[in-house]
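Chemist: Please find one structure pasted underneath; my questions will follow.
The values are calculated or read from the model by the stated rules, or taken from the named source; none is laboratory data. Source: prediction; values computed, not measured. Cβ coordinates were reconstructed from backbone atoms using ideal geometry, including for glycine residues, and neighbour counts include every protein chain displayed.
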Amino acid sequence: MATSNYSRELDIALLAVQRATLLTKSVFHSHAKGTLNKSDASPVTIGDFGAQALIISALQHNFPEDEIVAEEEAKDLRENTQLRDTVWNLVKDTILPHEQSQSALGGSLPSAERMLDIIDKGDSKGGAKGRIWAIDPIDGTKGFLRGGQYAVCLALMVDGDVKVGVLGCPNLPVSDSEPLSENIGADATDDERKGVLFSAVQGQGAHSRPMSTGKLAEGQSIHMSPLSNVSDATFCESVEAAHSSQGDAANIAKKLGITKPSVRMDSQAKYGSIARGAGDLYLRLPVRADYVEKIWDHAAGDLIVREAGGEVTDAESNRLDFSHGRTLLRNKGVIAAPKSVHGKVIEVVKEVLGSKSKV
Ligand SMILES: Nc1ncnc2c1ncn2[C@@H]1O[C@H](COP(=O)(O)OS(=O)(=O)O)[C@@H](OP(=O)(O)O)[C@H]1O
Ligand SMILES: [Mg+2]
Ligand SMILES: [Mg+2]
Ligand SMILES: [Mg+2]
C-alpha cells in the first residue's frame, strides 16, 4: 500500500469533532443534561451519547472498513425511549451550516433506531492490527457538568500507533499565547474568544485553529514551551483527586523546585494546553492500583504533545502503548513534559513513587 499523509483522515476528523462540539455546546448551556450514572459510578449525559453518534456516523460514511473504539454504548438509551428521543432530537438538529462540510460527513443520521446501532459501532476490542479510531465524545464529563473544561477527542491508530489526533476544546481560549488563568478549570465559558481545535499527524507537527461552524479555519503550528529550568514550570493536573494523586504531584513539584501553583482542569484540555506552551507539565499519577487508563482518554493528546516537541511516557518512562485493546494495560500513570526536562521529571517521579512503595 502507498504511504499515506493522512490528510483526508485529518480533515474528516477535524470536521467531525467540530460538528460534535455544536451538539455538546448546546447541552453545555442547557439545564437538562440528562445525566445517568454508569456501572462504574461515572456520569454520562445526552451530550456524550449525541456526540458519539455524530462522530461515528461521519467515520462510517468516509471510512466504512475502519474499526472504532468509543467510550459509550447505547444500552441505557435502548431501555429508556424518552432519553433516546431526547438524544435523537439533539442529533437530528445538529447540522453544520456549511453545506459542503455537512455533506462531507455524510449528512444527517437516518433515524433514532439507527442512531442506537451507530453508537454501538464503537464496541471494537481495539488491538495491534489495522486502522482503529478511538473516540471520547466528551472527555471530562464531570467538568462538562460542573461548567469547567471538557474535550471532544478523536484519534486514528494504525497497527497500534497513533497517526492522527484531534481535540476539540470549546472552553479553552482561541489564542495560543494567552497564559493559563488559575481558574481556567472552573466557571468556564464558550464566549467568542473561546473554542480551539488541536490536531496532529505523525511526523507533520501539531496545530491549533479556532473552532468554527463553517469551513475549517486555517491552522497554525504549536510548540511546547522551551523550558530550560524545570523549576520555572507550570504544571497541569486533574480536578478530581481520585484520578491523579495530588499529594504525590505536590511532592514531585516541591522536589523539582516548582513554586507556582498547579493549574487544575478536566479532560485532555491539559494535553492541548501544554502542547501550545500554556503550561508545561501534565502529571497523572496512579491513585488506585486497579485502575487501568482508557485509550480514548490519551490517544489524541499523546500525539499532539509529542508532535509539539514534548515527550509523553508513563511513570516508568515507557511510551504509552495503544496496542493492547481498549485500555493502556501496560502503562501506569502519564508524565508529559518538554523533551528538555522530561528525564529530570521522571527521575523525581520514580524517587517519590518508589519511596512510597517501600513504606
Ligand atoms: N479512578 C480513575 N482514575 C483515573 N482516571 C479515571 C478514573 N475514573 C475515571 N477516570 C477517567 O478520567 C477521565 C477524566 O480525566 P480528567 O483528567 O479529566 O479527570 S478530571 O475530570 O479532571 O478529574 C474520565 O474520562 P470521561 O469519562 O471521558 O470524562 C475517565 O475516563
Ligand atoms: Mg466517562
Ligand atoms: Mg475521558
Ligand atoms: Mg468521556
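Chemist: Find the residue count for the range 281-326, including only residues that are part of a loop (DSSP other than H, G, I, E, B), under 23 Å from K163 (Cα atoms) and touching a residue at least 40 places away in the same chain (Cβ under 8 Å).
Modeler: Selection size over the range 281-326: 9.
Chemist: Of the residues that make up the range 75-93, is at least one under 23 Å from the mean Cα position of the chain (by Cα), outside the structural domain of D302 (by TED's automatic domain parsing) and in a loop (DSSP other than H, G, I, E, B)? Spell out how you get there, then give the answer.
Modeler: Going residue by residue through the range 75-93, those that are under 23 Å from the mean Cα position of the chain (by Cα) are 87, 90-91.
Imposing the further condition that a residue be outside the structural domain of D302 (by TED's automatic domain parsing) reduces the set to 87, 90-91.
Add one more test, that the residue is in a loop (DSSP other than H, G, I, E, B), and what stays is none.
No - not one qualifying residue is present in the range 75-93.
Chemist: Scanning the range 119-142 for residues that are of a type in the set (V, I, T) and outside any helix (DSSP H, G or I), which turns out farthest from ligand 4 (Cβ to nearest atom)? Write out each step before concluding.
Modeler: First pass over the range 119-142, keeping only residues of a type in the set (V, I, T): 119, 132, 135, 138, 141.
Then keep just the ones that are outside any helix (DSSP H, G or I); that gives 132, 135, 138.
Numbers: I132: 17, I135: 9, I138: 5 Å.
Only one residue fits best here, namely I132.
Chemist: Report the residue count in the range 64-94 for those that are surrounded by fewer than 20 Cβ atoms within 10 Å (Cβ to Cβ) and out of contact with any strand residue (DSSP E or B) (no Cβ under 7 Å at 6 or more places or on another chain).
Modeler: 14
Chemist: Would you point out which residue out of L180, L145 is within 16 Å of ligand 2 (Cβ to nearest atom), more than 18 Å from L303 (Cβ to Cβ) and outside any strand (DSSP E or B)? Quick ask: steps written out before the conclusion?
Modeler: Values: L180 fails: within 16 Å of ligand 2 (Cβ to nearest atom).
Step by step, each of L180, L145 is checked, and only L145 is within 16 Å of ligand 2 (Cβ to nearest atom), more than 18 Å from L303 (Cβ to Cβ) and outside any strand (DSSP E or B).
Chemist: Output the number of residues of the range 327-359 satisfying the condition of being closer than 30 Å to G127 by Cβ, aliphatic (A, V, I, L, M) and outside any helix (DSSP H, G or I).
Modeler: Result for the range 327-359: 6.
Chemist: For K25, indicate whether it is touching an Asp or Glu at 6+ places or on another chain (Cβ under 6 Å), away from ligand 3 (no atom under 16 Å from the Cβ) and not aliphatic (A, V, I, L, M). Lay out the reasoning, then the answer.
Modeler: Values: touching an Asp or Glu at 6+ places or on another chain (Cβ under 6 Å): yes; away from ligand 3 (no atom under 16 Å from the Cβ): yes; not aliphatic (A, V, I, L, M): yes.
So K25 passes the test.
Chemist: With respect to R114, is the statement that it is surrounded by 15 or more Cβ atoms within 10 Å (Cβ to Cβ), over 23 Å from the mean Cα position of the chain (by Cα), more than 16 Å from ligand 3 (Cβ to nearest atom) and free of Cβ contacts under 8 Å to residues at least 40 places away in the same chain true?
Modeler: Working: surrounded by 15 or more Cβ atoms within 10 Å (Cβ to Cβ): no; over 23 Å from the mean Cα position of the chain (by Cα): yes; more than 16 Å from ligand 3 (Cβ to nearest atom): yes; free of Cβ contacts under 8 Å to residues at least 40 places away in the same chain: yes.
No; evaluated as a whole, the condition is false for this residue.
Chemist: For the structure I just gave you, tell me whether E240 is within 16 Å of ligand 2 (Cβ to nearest atom) and in contact (Cβ under 8 Å) with a residue 60 or more places away in the chain. Give the derivation first.
Modeler: Working: within 16 Å of ligand 2 (Cβ to nearest atom): yes; in contact (Cβ under 8 Å) with a residue 60 or more places away in the chain: yes.
When the stated conditions are applied, E240 passes them.
Chemist: Another question, then. I'd like the full set of residues that are in contact with a Pro (Cβ under 8 Å, 6 or more places away or on another chain) and more than 26 Å from A206 (Cβ to Cβ), limited to the range 237-292.
Modeler: Scanning the range 237-292 gives a single hit, S245.
Chemist: How about the range 28-51: which of its residues are crowded, with 22+ Cβ neighbours inside 10 Å, out of contact with any Asp or Glu (no Cβ under 8 Å at 6 or more places or on another chain) and under 22 Å from A300 (Cβ atoms)?
Modeler: Our first condition is that a residue be crowded, with 22+ Cβ neighbours inside 10 Å; within the range 28-51, this holds for 45-51.
Next cut, out of contact with any Asp or Glu (no Cβ under 8 Å at 6 or more places or on another chain) only: 45-47, 50-51.
Matches in the range 28-51: T45, G47, G50, A51.
Chemist: Which condition number does L116 fail, the rest of (1) outside any helix (DSSP H, G or I); (2) farther than 19 Å from L15 by Cβ; (3) away from ligand 2 (no atom under 16 Å from the Cβ); (4) of a type outside the set (D, E, K, R) being met?
Modeler: (1)
Chemist: Between A58, A41, A51, which is within 16 Å of ligand 4 (Cβ to nearest atom) and part of a helix (DSSP H, G or I)?
Modeler: Details: A58 fails: within 16 Å of ligand 4 (Cβ to nearest atom); A41 fails: part of a helix (DSSP H, G or I).
One residue alone meets the criteria, A51.
Chemist: Looking at P97, is it over 22 Å from the mean Cα position of the chain (by Cα), modelled with pLDDT under 95, assigned to a loop (DSSP other than H, G, I, E, B) and surrounded by fewer than 19 Cβ atoms within 10 Å (Cβ to Cβ)?
Modeler: Details: over 22 Å from the mean Cα position of the chain (by Cα): yes; modelled with pLDDT under 95: yes; assigned to a loop (DSSP other than H, G, I, E, B): yes; surrounded by fewer than 19 Cβ atoms within 10 Å (Cβ to Cβ): yes.
For P97, the condition - over 22 Å from the mean Cα position of the chain (by Cα), modelled with pLDDT under 95, assigned to a loop (DSSP other than H, G, I, E, B) and surrounded by fewer than 19 Cβ atoms within 10 Å (Cβ to Cβ) - is met.
Chemist: Evaluate the range 140-153: report whether one residue or more is touching a Ser or Thr at 6+ places or on another chain (Cβ under 9 Å), over 19 Å from K33 (Cα atoms) and buried (at least 17 other Cβ atoms within 10 Å of the Cβ). I'd like the intermediate steps shown before the answer.
Modeler: Residues of the range 140-153 that are touching a Ser or Thr at 6+ places or on another chain (Cβ under 9 Å), as a first pass: 140-145, 147-153.
Then keep just the ones that are over 19 Å from K33 (Cα atoms); that gives 153.
Next cut, buried (at least 17 other Cβ atoms within 10 Å of the Cβ) only: 153.
Yes, the range 140-153 contains a residue that is touching a Ser or Thr at 6+ places or on another chain (Cβ under 9 Å), over 19 Å from K33 (Cα atoms) and buried (at least 17 other Cβ atoms within 10 Å of the Cβ).
Chemist: How many residues, within the range 148-177, are in a strand (DSSP E or B) and either within 16 Å of ligand 1 (Cβ to nearest atom) or closer than 21 Å to Y6 by Cβ (or both)?
Modeler: Looking only at the range 148-177, we keep the residues that are in a strand (DSSP E or B), and these are 151-158, 161-173.
Still in the running and either within 16 Å of ligand 1 (Cβ to nearest atom) or closer than 21 Å to Y6 by Cβ (or both): 151-158, 161-172.
Here the count works out to 20.
Chemist: State which residue is farthest from ligand 1 (Cβ to nearest atom) when the search covers only the range 123-139 and only residues that are surrounded by 24 or more Cβ atoms within 10 Å (Cβ to Cβ) and hydrophobic (A, V, I, L, M, F, W, C).
Modeler: I132
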